[in-house]
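Written below as structure tokens is the structure these notes are about.
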Amino acid sequence: MVLFRCLMKGHCCKKYWIPVTHLDLLRIEIYAKVNIKPDMLSLYDASLYEDLQYPQIVFNSNKYFLALSSKEDGSCIFLSKDGKCSIHPYKPIVCRFYPFVYIENDNGDIDIDLNDNAIGECPGIILDGKPIPDNIRKEYLRLAKARILELKLWKRVAEEWNSSAYSSKSFEFVADTFLEFIMSRAREDMNKAYATRSLDSIVMF
């Protein structure tokens, strides 16, 4: 059986960089009470990560993925000295999904599977060769649907930014403007989620 319980050992927080959406950042700001600043964000060259499903952001006419910044040792900025995530209840959706992945089929169905890269890496995984239990599959299916919809919203925001005059400037030059822009759009999408309840509260809202 594939069982999983996050032991908060910080293994994945040290190994991977964390792509984020505008709503990821807003959840951190609202619930973890963190004042999001430009130096908390990093850009990753999109040409080096072609398979990543996240929308690309343009700065200085180059394409990037937006992510949380990392410390000098490569670990996430929100990883505490004790190895625990300081924003664990409100961490980005990509973090909440690990160590599972979702697959969108041509007929619109969604399958949940274990991330092969997590086997032997994540200490919270228990394997015995049996399928993923229904309760775990159901929870991650709900999370997958929310993530798919959230990425569509993030794509719309990214496209709006990319079509603006600011996209020809460097991140350093327009960082404050960019952050104000995406957080404003995040609040708009949060309010729509409350009003329509169409996003399953986008996991947290």
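Structure notes:
- Qualifying residue in the range 133-149 (condition: in a strand (DSSP E or B) and under 16 Å from the mean Cα position of the chain (by Cα)): no
- Selection from the range 1-17 of residues that are at pLDDT 85 or above and either buried (at least 16 other Cβ atoms within 10 Å of the Cβ) or touching a strand residue (DSSP E or B) at 6+ places or on another chain (Cβ under 9 Å) (or both): Cys12, Cys13, Lys14, Tyr16, Trp17
- Some residue of the range 63-73 being free of Cβ contacts under 8 Å to residues at least 24 places away in the same chain and at positive phi: no
- Close Cβ contacts (under 9 Å, 6 or more residues apart or on different chains) running from residues in the range 152-175 that are of a type in the set (Asp, Glu) to residues that are in a helix (DSSP H, G or I) comprise Glu160/Phe181; Glu160/Arg185; Glu172/Pro38.
- Residues that are over 17 Å from Pro92 (Cβ atoms), of a type outside the set (S, T, N, Q) and in contact with a Lys or Arg (Cβ under 9 Å, 6 or more places away or on another chain) within the range 35-54 comprise Asp45, Ala46, listed in sequence order.
- Which listed residue is buried (at least 16 other Cβ atoms within 10 Å of the Cβ), more than 23 Å from Met190 (Cα to Cα) and at pLDDT 95 or above, from Ser75, Ser69: Ser69
- Filter pass, Val20 being surrounded by fewer than 18 Cβ atoms within 10 Å (Cβ to Cβ), at pLDDT 95 or above and β-branched (Val, Ile, Thr): no
- Here Gly124 meets the list (1) surrounded by 15 or more Cβ atoms within 10 Å (Cβ to Cβ); (2) free of Cβ contacts under 8 Å to residues at least 24 places away in the same chain almost entirely, failing just condition (2).
- Candidate set from the range 108-120 (those that are in a loop (DSSP other than H, G, I, E, B) and either modelled with pLDDT of 85 or more or of a type in the set (Gly, Ala, Ser) (or both)); member that is nearest to Arg142 (Cα to Cα): Asp109
Residues are listed down the side, and each one gets a yes or a no for (1) in contact with a His (Cβ under 9 Å, 6 or more places away or on another chain); (2) outside any loop (DSSP other than H, G, I, E, B); (3) of a type in the set (D, E, K, R):
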{"position": "Gln53", "(1), (2), (3)": "no, no, no"}
{"position": "Lys63", "(1), (2), (3)": "no, yes, yes"}
{"position": "Asp73", "(1), (2), (3)": "no, no, yes"}
{"position": "Lys81", "(1), (2), (3)": "no, no, yes"}
{"position": "Pro89", "(1), (2), (3)": "no, yes, no"}
{"position": "Val101", "(1), (2), (3)": "no, yes, no"}
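The values are calculated or read from the model by the stated rules, or taken from the named source; none is laboratory data. Values in this document were obtained by computation on a predicted structure and should not be read as measured data. Don't worry about glycine lacking a Cβ; one is built from the backbone with ideal geometry, like all the others, and counts go over all protein chains shown.
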